[in-house]
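Below is one structure, written out as structure tokens; the observations come after it.
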Amino acid sequence: MPHRLSITLSDTDSTDYTPSLLAVDRALSDLRRGQIVAIQGDGDEVTLTLAAEGATKTAIERLKSLSGGFPHLILTTARVHTLGLGSFSTKAVRAEMGKAMRPDLIEGLVNPLARISKNDFFDIPFSEVALQSGESASIGLAKLSRLIPASISATIKNDDFKGFVEAENLTGLKKEDIFGYEEAAARSLRAVSDAQVPLADAPNTKIVAFRPSDGGIEHFAIIIGEPNPADPVLIRIHSECFTGDLVGSLRCDCGDQLRGAIRSIADHGSGILLYLAQEGRGIGLVNKLRAYKLQDTGVDTFDANEQLGFDADERVYLPAAQMLDHLGVNQVRLMTNNPEKVSVLKSCDVDVIERVEHAFPTNQHNEPYIVAKATKGGHYL
Ligand SMILES: Nc1nc2c(ncn2[C@@H]2O[C@H](COP(=O)(O)OP(=O)(O)OP(=O)(O)O)[C@@H](O)[C@H]2O)c(=O)[nH]1
Ligand SMILES: [Zn+2]
């Protein structure tokens, strides 16, 4: 009698209530709608923050009046380095814009696709932002909301955080909620629905949806055949790629890898494809399109991310490890060319007993991308 995978659907009524996740979720939608969010920092520090992307004059004026001063533009060091505006050892820096806090200058500083002369920035002083500060958390929030990673922030003192956010009708959250969000969301994943979905190349397939407790974005396990968790399971961890997976973009190898993995698992007899909601190596589809436009000027895939202010790769694999854990799978044979996936999965206590090569022929459009992944990203060819 073969061992079966365990798929236990969670009763939504009994899902843990996780206030910190909920606060981040609310803050993300506020930020995306151009609203000010209040981040509680150390002691009586409160960082009032707006996403730099799309910040309007009216919102900046409200931030000024709420803080009683001049807010700063917070940028990632990656972005400032690519602008050639100085060298810093922290992850984020503060541009002290003073009266120069104009939407066109902000756009020029944060968006590499904006047409503005670098000379406009030369007299703006920059200073380092502490790693665990509210200002640093504001960048984390912008990244989680899949906007350009830059904020307009003002840090004030107020020892009645709850009273302040209530009086001003702002979403308030702790900086630790933001720093801990990705891990907490991954650890709260629960299977919420599943169904048989026969695929063209794998008729005996079941898809299981996993949802974090704040109702945030879902990840999926595509289970082909009847994997036996007592043996090593053949798996693929695939990060979402709307362009490659869905509409057949030739700029990457994702579509071939997705369908190729389904075919290989079906040929093998059984296995699991984990489909992770982290489009564009975790920067989101809108930013990936920006990165493509930059790549059309000759920049490679990793540098394009950095020009936008992101790390070269923003992905996390704890959700994948958690889904495997829920399915009772610990030993895996992982189909990938990316050594980082192997090492990160191992660090999440998944026993990767073998890396299975997963490469496909290139085409004229994705060749530079595949070459950059191998030469710069250390991927196996
Ligand atoms: N930012 C950015 N993301 C890209 C680009 N091209 C593809 N992607 C994304 O890269 C990710 C590729 O995911 P995977 O195929 O799982 O990962 P991989 O790192 O190539 O590793 P393996 O395929 O396992 O070898 C997807 O999220 C794509 O959307 C690009 O030029 N820029
Ligand atoms: Zn792709």
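Tabulated data
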read-out: Nonlocal amide H pairs with residue 190, under 5 Å, H built at 1.01 Å; value: 211
read-out: Computed [θ] at 222 nm, deg cm²/dmol, the chain (DSSP H ≥ 4; -39,500 (n - 2.57); rounded to nearest 500); value: -10000 deg cm²/dmol
read-out: Normalised convex hull volume, the chain, alpha-carbon set, Å³ per residue; value: 145
read-out: With at most 10 neighbouring Cβ atoms within 10 Å, loop chymotrypsin sites (Phe, Trp or Tyr not before Pro) (DSSP) excluded, longest segment of the chain; value: 123-381
read-out: Per residue, the convex hull volume that the Cα atoms of region 19-182 enclose (Å³); value: 104
read-out: Under the Karplus curve 6.51 cos²θ - 1.76 cosθ + 1.60, θ = phi - 60°, whole-Hz ³J(HN,Hα) for region 323-330, x wherever Gly or Pro sits; value: 5, 4, 4, 4, 7, x, 9, 10
read-out: Cα pair count fraction exceeding 13 Å, expressed as % - region 165-206; value: 73
read-out: DSSP bridge pairs, the chain: antiparallel proportion in percent, nearest 5; value: 70
read-out: Semi-axis lengths (Å, descending) of the ellipsoid that matches the C-alpha gyration tensor of region 124-257; value: 41, 20, 14
read-out: Percent of C-alpha pairs per 5 Å bin, region 114-201, short to long; value: 2, 9, 13, 16, 15, 12, 10, 8, 5, 4, 3, 2, 0
read-out: Estimated distance in nm for a label pair at residue 242 and residue 285, the labels positioned 7 Å out from Cα along Cα-to-Cβ; value: 0.2
read-out: Relative contact order computed over the chain (Cα-Cα under 8 Å; 6+ residues apart), in percent; value: 18
read-out: Region 256-300: equivalent-ellipsoid semi-axes (sqrt of 5 x gyration tensor eigenvalues, Cα, Å); value: 31, 13, 6
read-out: Whole-Hz ³J(HN,Hα) from phi, Karplus 6.51 cos²θ - 1.76 cosθ + 1.60, for region 290-306, glycine and proline x; value: 4, 5, 4, 5, 5, 5, 5, 9, x, 7, 7, 4, 7, 5, 4, 4, 5
read-out: Chain lengthening between residue 158 and residue 207 when straightened (0.36 nm per residue, less Cα-Cα); value: 12.8 nm
read-out: Region 190-264 and region 302-381: distance between their alpha carbon centers, rounded to Å; value: 15
read-out: Scaled radius of gyration (Cα, divided by 2.2 N^0.38 Å) that region 189-321 gives; value: 1.15
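Each reported figure results from applying straightforward, stated rules to the coordinates on display, with no laboratory input. In this text, all values refer to a predicted model and were calculated from it rather than measured experimentally. Neighbour counts are summed over all protein chains in view; Cβ atoms, including those assigned to glycine, are modelled from backbone coordinates with ideal geometry.
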